[in-house]
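The structure appears below as structure tokens.
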């Protein structure tokens, strides 16, 4: 059975929703960030990066959200979570997820994890101040250029949807009003209605 | 025929090497960053993010390096650039590429693109100062935990190799001595010997 390392309030939620959508059997294992368990010697053997998510399979351990999402889609094909037989559509899906991980999540991370990129407390504060603008610009691009509707990729639900939903949930704390983005906001509500999403949210703070 | 938008000195090199390795027919189109052509109305129609690379196919335009790399591997299967029939191995490849785009490239970007995440010039300077440490730590992880050798994924060359090579080439300017990472350094020399790499480097500054 799969084992899934996660922490509440992190991007691991995207993979957890996807596991639920796939109907996968898995054991969720909570990593205690308050106790910095992610930096413990024990957890670093699971993921040397000291991050979540990590998915333990019978072949080995996978990390990085876009890789895990595509893997779940490929190994649970009956769940129809990705256009597996269309390389171009699959690449569009991957492109969206790559934008979320390399640009949107990164913009967001400057609010709480600025120490990754500067030591000076004043610089870390300056990063925090720009988060509403940088995250807002990312969601403007998603709203106006990328989102097809009703799901990210159009008529078909894909692994992009749990990932976007996860980052949309961070907007309020990032100082961005999700109501500015009508399509993204409607998507968040649509997602919240899905039983798989509700199961995955059971361990989340709110 | 494919059209490939790139700029010298950017991560577009990874996709260009991969196109060459695949034996793809493509038209390279240089985007003039010195003239900020990437922000021109004309180019924003190609890629609303104002970035490179962008790959124009007969189905539409693809952006984001990990998505383009997997797409080339899938559409040129005879080139053997990815483990296409092994979902776990494919996910490991994607995981590596995702780490490069969301963590390694991002750490590097704080040297020249700090304005994305803060407005204060002192903060931007503080970001620049941390780049040797943050990029060095990323390459330490790659060297010690991820790189299998002689290629990133082991015995088989994959699309991870052009991508790692591209980021390794930035180490010197990032203030990191690649000789600290023996396996990564040897990989850089191995890559430089490949004819496809040499063709792709024709438009690079050095």
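Structure above, values below:
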| item | result |
| --- | --- |
| GNM top mover of B:111, B:25, B:59 - chain B, alpha-carbon springs below 10 Å | B:59 |
| GNM top mover of A:43, A:26, A:115 - chain A, alpha-carbon springs below 10 Å | A:115 |
| Near-label residues of region B:114-129 by backbone N, under 14 Å of a point 7 Å along Cα→Cβ of residue A:133 | B:114-124 |
| Fluctuation leader among B:130, B:183, B:45 - chain B, Gaussian network, Cα springs under 10 angstrom | B:45 |
| Chain B, relative contact order in percent, only Cα pairs under 8 angstrom and at least six apart counted | 24 percent |
| Calculated label separations, residue A:186, copies of the chain, 7 Å along the beta-carbon direction, nm | 5.7 |
| Separation of the residue A:115 and residue B:36 label points, Cα + 7 Å toward Cβ, nm | 3.6 nm |
| Averaged over A:99-105, number of beta-carbon atoms from partner chains that fall within 10 Å | 5 |
| 10 Å Cβ neighbours from other chains, averaged over peptide A:111-119 | 5 |
| DSSP beta bridge pairing in the protein assembly as shown, given as percent antiparallel to the nearest 5 | 60 percent |
| Gap separating the Cα centres of region A:20-75 and region B:62-88, nearest whole Å | 23 Å |
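Read the figures in this text as sums done on the coordinates, not as results from a lab. Remember, it's a predicted structure, so these values are computed and weren't measured experimentally. Positions of Cβ are generated from backbone atoms using ideal geometry, with glycine treated the same way; all protein chains shown enter the neighbour counts.
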